[in-house]
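Novice: My questions all concern the structure below.
Please treat every number below as a calculation from the coordinates, not as lab data. For clarity, every value in this text was computed on a predicted model and none was experimentally measured. So basically every Cβ, Gly included, is an ideal-geometry build from the backbone, and we count neighbours across all protein chains shown.
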C-alpha cells in the first residue's frame, strides 16, 4: 500500500517540474518508516574502516600503534601517504612511505588524515557522483574549519575534525537510499530536497550503528537546530561550533548553489552563539578561504 501511494503521487506529478515539498516530506517519512522497521537496511562499514574511524577519535593511541594499524590495509595506507604529501596537509612533495608521513604529521594530524581517507573511500562514492563530490568537499571544509575553530573556543580537540567531517554523514547514505528506492521517479533537484529532509535522522542512526562517538551522533542530528533541542545535549558546544563551520563553508563554496544571504545570516547567528568577536571571526574566515581554495 505504501509503495502504491508513492507511485500514484509520482504519476500525478509527472507534468510538473517539481513535486511539492509536502509530497517530498511524505516520501521522506515513508522512507524513514521503512528504515525503522528494518525493511531498508542502512549500510555497515567493513570492520577495518570502523576500527580506523574509532582510532581517529581516540587520543590515547601512540603514533606507532596508529601507524601499525593502518599499515595492515595497504590500499588505505597508500591513500594516506598520497594525501599526506598534498598541499592540504602542508606538503610540498610526495612522501615515500607511511612512516615518513606519520613522522611528519604527528599523532593528531595522522588521526585526522585517516578519518578523511576512510570517509572518502567508503562514504563519498557511488551513484550521483557529482553530488557526492560536492558533499565530500563540504565535509572536508567543515572538518578543517572545526579544527581551526577549536583553537578559538574551548571544545574538546580530540573529536573536532571528526565531527566536522561527519556532520553530514547521513547525506551520502541518503543519496544512495534514494537511488536504490526511487531512481526512476525523481529528478536530482527533488532528490536533493529528500536528502535535506532525511540526513539528520539517518546520520544520527548510522553514527550510532557504526559505533562512532556519541558526540558525532549528536552533531549529525542537531547541527541544523542548534538553537533548539541541542541545548539539552551533553555536547551542545560542539553542535554549535559545527553549525557555525557548516554555515561558513556553505557561504564560501562556489559549487553549492545556495542563497548566500540566508547562510550569511545563519552563520552570523551561529558565530554569535559561539561568542566569537570580530577579530576571531576574521581569523576563521581567512582560514576558511584558504581551505576552500585548497580543496
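Novice: Given R₀ = 51 Å, FRET efficiency for residue 104-residue 180 by Cβ-Cβ distance, to 0.05?
Specialist: My answer for the efficiency is 0.80.
Novice: Okay, next question. Restricting to DSSP H runs of at least four residues, report the calculated mean residue ellipticity at 222 nm for the chain, -39500 (n - 2.57) per run over all residues, nearest 500 deg cm²/dmol.
Specialist: My calculation for the chain gives -22500 deg cm²/dmol from helical runs alone.
Novice: Taking a point 7 angstrom from the Cα of residue 295 along the C-beta vector, which residues in segment 129-153 have backbone N less than 20 Å away?
Specialist: Once the point is set 7 Å along Cα→Cβ of residue 295, 129-152 turn out to lie under 20 Å by backbone N, inside segment 129-153.
Novice: On a C-alpha basis, how far is the centre of segment 233-251 from the centre of segment 266-295 in Å? Whole number, if you could?
Specialist: 11
Novice: Going by a ≥ b ≥ c, the root eigenvalues of the Cα gyration tensor, does segment 58-169 fall in the rounded group (a/c under 1.5), the prolate group (a/b larger than b/c) or the oblate group?
Specialist: It comes out oblate by the Cα gyration axes.
Novice: Let me ask something else about it. At 0.36 nm per residue, minus the direct Cα-Cα distance, what do residue 272 and residue 34 gain on full extension? Give it in nm, one decimal, please.
Specialist: Contour length minus Cα-Cα distance gives 81.8 nm.
Novice: Right, next: Among 242, 66, 169, whose mean-square fluctuation peaks in a Gaussian network model of the chain (Cα, cutoff 10 Å)?
Specialist: 66
Novice: Using R₀ = 35 Å, calculate the FRET efficiency as 1/(1 + (r/R₀)^6) where r is the Cβ-Cβ separation of residue 20 and residue 209; round to 0.05.
Specialist: 0.65
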